[in-house]
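First up is the structure itself, then whatever we jot down about it.
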Amino acid sequence: ELKNDVEMTISLINLKEGDDQLTDNNSLKLNFNVINKEFKRNVLIEEFTTELCSNCPYGTNTLHSTLELLEEEYPGRANTICHHSGYYTDWLTIGASEDLLWLFNSGGSTYAPAFMSDRTGVWSNPGTAEKMADIFRKRLDKPAYVGIEIDATYDSEERILTVTATGERSMEFCENPARISIYLVENDIKARNQAGA
């Protein structure tokens, strides 16, 4: 059960030295949230890339090195997806990736490679895997207030994937109803004509 909006009264009842000259400010009522459980945070790393981007192979290599560093420290807790948008489009671009370009805030312009952690802002390649890992470590070290377990089963005869997501939260964290995005990803797709690689 969430214990939000708990009321507390703080009162000043005894001074160690002297008399209280102003007695009308000795009490304060306040409301606060009680968090009864924290969860380990996982991060979602989203990369904006396209085959037309000559800097993207370097950015992707940096990201892969970063993920190797994070896997040693935070096993299984850093997850990555790539959106083929931000710097023109290519044969892998889908509408859902184009829809996310509003998250950029560089005077209306977009670019690649670009990276986003938990939808908290878009930034370009910081240079080294260690610097990039530091950005994600700061996020991974913060507790989460929602835990989600995902179970997926695939029926190969019917070609149906059934995904069940169950969760628990320990606080209200937004005014609007929470949204869950489910991505079906395909890995190790070979480039057709990657600029710069």
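What the table below lists for this structure:
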{"quantity": "Count - residues of segment 74-100 that are among the hydrophobic types (A, V, I, L, M, F, W, C), under 23 Å from ASN42 (Cα atoms) and either open to solvent by 30 Å² or more (accessible area, probe 1.4 Å) or modelled with pLDDT of 95 or more (or both)", "calculated": "3"}
{"quantity": "Top-ranked residue in segment 104-124 [being part of a loop (DSSP other than H, G, I, E, B) and surrounded by 14 or more Cβ atoms within 10 Å (Cβ to Cβ); ranked as modelled with the lowest pLDDT]", "calculated": "PHE104"}
{"quantity": "Looking only at segment 13-27, and only at residues there that are open to solvent by 100 Å² or more (accessible area, probe 1.4 Å) and of a type in the set (A, V, I, L, M, F, W, C), the one that is nearest to ARG77 (Cα to Cα)", "calculated": "ILE13"}
{"quantity": "Close pairs (7 angstrom Cβ cut-off, 6 or more residues apart or separate chains): hydrophobic (A, V, I, L, M, F, W, C) in segment 155-173, in a strand (DSSP E or B) and at pLDDT 90 or above anywhere", "calculated": "LEU161/ALA152; LEU161/TYR154; VAL163/ALA152"}
{"quantity": "Residue satisfying all of: in segment 57-68; polar (S, T, N, Q) and more than 17 Å from the chain's Cα centre (by Cα); most open to solvent (accessible area, probe 1.4 Å) among these", "calculated": "ASN61"}
{"quantity": "Residue in segment 40-54 that is among the aromatic types (Phe, Trp, Tyr) and more than 19 Å from ARG139 (Cβ to Cβ) present", "calculated": "no"}
{"quantity": "Residue under evaluation GLY127, criteria (1) open to solvent by less than 40 Å² (accessible area, probe 1.4 Å); (2) at negative phi, criterion not met", "calculated": "(2)"}
{"quantity": "Of residues in segment 134-161 being part of a loop (DSSP other than H, G, I, E, B) and in contact with a Lys or Arg (Cβ under 9 Å, 6 or more places away or on another chain), the one surrounded by the most Cβ atoms within 10 Å (Cβ to Cβ)", "calculated": "TYR145"}
{"quantity": "Unmet criterion (only one of (1) open to solvent by less than 70 Å² (accessible area, probe 1.4 Å); (2) not in a loop (DSSP other than H, G, I, E, B)) for GLU71", "calculated": "(1)"}
{"quantity": "Tally, over segment 69-88, of residues that are within 17 Å of the chain's Cα centre (by Cα) and small (Gly, Ala, Ser)", "calculated": "2"}
{"quantity": "Some residue of segment 41-48 being surrounded by fewer than 21 Cβ atoms within 10 Å (Cβ to Cβ), closer than 16 Å to GLN194 by Cβ and of a type in the set (D, E, K, R)", "calculated": "yes"}
{"quantity": "Leading residue by the ranking (modelled with the lowest pLDDT) among those in segment 163-188 that are surrounded by fewer than 10 Cβ atoms within 10 Å (Cβ to Cβ) and β-branched (Val, Ile, Thr)", "calculated": "ILE180"}
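The values are calculated or read from the model by the stated rules, or taken from the named source; none is laboratory data. Quick caveat, the model's predicted, so the values are computed rather than measured. Please note: Cβ atoms are built from the backbone with ideal geometry, for glycine as well, and neighbour counts cover all protein chains shown. Heads up: the accessible areas ignore ligands, DNA and RNA and are worked out on the full protein's heavy atoms, side chains in. Shrake-Rupley method; radii C 1.70, N 1.55, O 1.52, S 1.80 Å.
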